[in-house]
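Asks: Got a structure for you, written out below as structure tokens; questions coming shortly.
No value in this document is a laboratory result; all are computed from the given coordinates. Treat the numbers as computed from the prediction; the structure is a model and nothing was measured. Methodologically, a virtual Cβ is constructed for each residue, glycine included, from the backbone with ideal geometry; neighbour enumeration extends over all protein chains shown.
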Amino acid sequence: MTPHNNASLGDYADAVLLPGDPLRAKWIAETFLDNAKQVNNVRNCLGYTGTFAGKRVSVQATGMGQPSLSIYVHELINVYGVQTFIRVGTCGGLSPSVRIRDLIIAQAATTDSAIVRDAFPGYAFAPIADFGLLAAAVSKAKEKGLRAHVANMLSSDIFYHEDGFTSYQKLAEHGVLGVEMEAAALYFLAARFNVRALTICTMTDCLVTHEEMSAQDRQSSLKDMVRLSLEVAVQS
């Protein structure tokens with residue numbers, strides 16, 4: 001156990017999906033996993049373990065932002081021995097080439113966070129995804145006919161920028177297609193502890209065109225993303 005997790009050793013599978021929202025973790029477990037068992041409820045940051053396609057897999061909520069995710073991922077690696085992480089989340093779009101409901105599979109993660117910057121004085125470390133997980137996700141997305149973009153993702157510590165999209169303009173011009181709040185810290189910790197990580201996000205609103213996903217589309221799109229992520233988690 002840890003101050004943030006009351007699971008016992010062995011309660012987590014080798015592969016864990018990481019949504020931010022605790023209720024989304026509950027929904028994933030109840031919707032996709034067989035024999036799902038709740039293993040963590042500290043601070044209501046819910047964790048579950050069950051099976052998918054006959055293989056053991058877990059899901060753990062991380063809360064919002066890189067500091068919160070860093071706590072859970074650090075403990076999952078160093079206390080519970082988890083080796084594979086797939087963040088499943090939503091993101092804002094930074095390019096009109098990415099349409100509502102599209103997936104962005106984050107090959108790398110740019111960030112404004114001091115969590116990454118302060119760990120490498122004098123360097124601009126580039127946190128990246130595990131290539132095996134990345135390749136598997138891209139291949140399976142094509143098989144399923146899903147619209148997926150492999151790109152650089154922005155992990156920002158700021159949700160409400162005073163100047164809106166203008167603050168992202170230069171990044172968008174350099175191929176950053178989406179913005180969320182966790183991927184860079186996940187990739188940084190995966191590199192530090194030599195484990196595997198990938199981020200897959202559904203684009204729910206575009207900061208350029210101002211399109212937003214309806215509640216019905218959001219639910220069906222999240223199902224596509226989660227099912228894809230589970231298949232990668234248990235087969236890679």
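Asks: Let a ≥ b ≥ c be the square roots of the eigenvalues of the Cα gyration tensor of region 45-143; is it rounded (a/c under 1.5), or, if not, prolate (a/b larger than b/c) or oblate? Write down the numbers at each step before the final one.
Replies: Values: a/c = 1.64, a/b = 1.06, b/c = 1.55.
Judged from the Cα gyration tensor, region 45-143 comes out oblate (a/c at least 1.5, b/c at or above a/b).
Asks: Also, I was wondering about something else. Before anything else, pin down the relative contact order of the chain: Cα pairs under 8 Å, at least 6 apart, normalised by residue count, whole percent.
Replies: Worked out over the chain, it gives 26 percent.
Asks: Could you tell me the number of lysine pairs in the chain with C-alpha atoms less than 24 Å from each other, where the two lysines are 8 or more residues apart or belong to different chains?
Replies: The result is 12.
Asks: Counting only DSSP beta bridges with both residues in the chain, what percent are antiparallel, rounded to the nearest 5? List each step's numbers first, then the result.
Replies: Numbers: 18 of 46 bridges.
Antiparallel bridges make up about 40 percent of those DSSP assigns within the chain.
Asks: Right, here's the next one. For a quick protection proxy, order the peptides 34-43, 115-124 by their average other-Cβ count within 10 Å, most packed first.
Replies: Working: 34-43: 15.5, 115-124: 11.1.
Packing order, densest peptide first, comes out as 34-43, 115-124.
Asks: Continuing with the same structure: Would you mind working out the magnitude of the charge dipole of region 54-185 relative to its Cα centre, with +1 at each Lys and Arg C-beta and -1 at each Asp and Glu C-beta, to the nearest 20 Debye? Before the final figure, lay out each step's value.
Replies: Values: 11 positive and 12 negative charges, 155 e Å.
In debye, rounded to 20, region 54-185 gives about 740.
Asks: Do any cysteines in the chain lack another Cys Cβ under 4.7 Å, and if so which?
Replies: When partners are defined as cysteine Cβ atoms under 4.7 Å apart, the chain leaves Cys45, Cys206 without one.
Asks: Would you work out if region 119-185 is rounded, prolate or oblate? Take a ≥ b ≥ c from the square roots of the eigenvalues of the alpha-carbon gyration tensor; rounded if a/c is under 1.5, else prolate when a/b is larger than b/c, oblate otherwise.
Replies: Numbers: a/c = 2.44, a/b = 1.43, b/c = 1.70.
Oblate, because a/c is 1.5 or more while a/b does not exceed b/c.
Asks: Set Lys and Arg Cβ to +1 and Asp and Glu Cβ to -1, take the dipole of the chain about its Cα centre, and tell me which of Thr90, Phe159, Gly10 lies farthest positive.
Replies: Result: Gly10.
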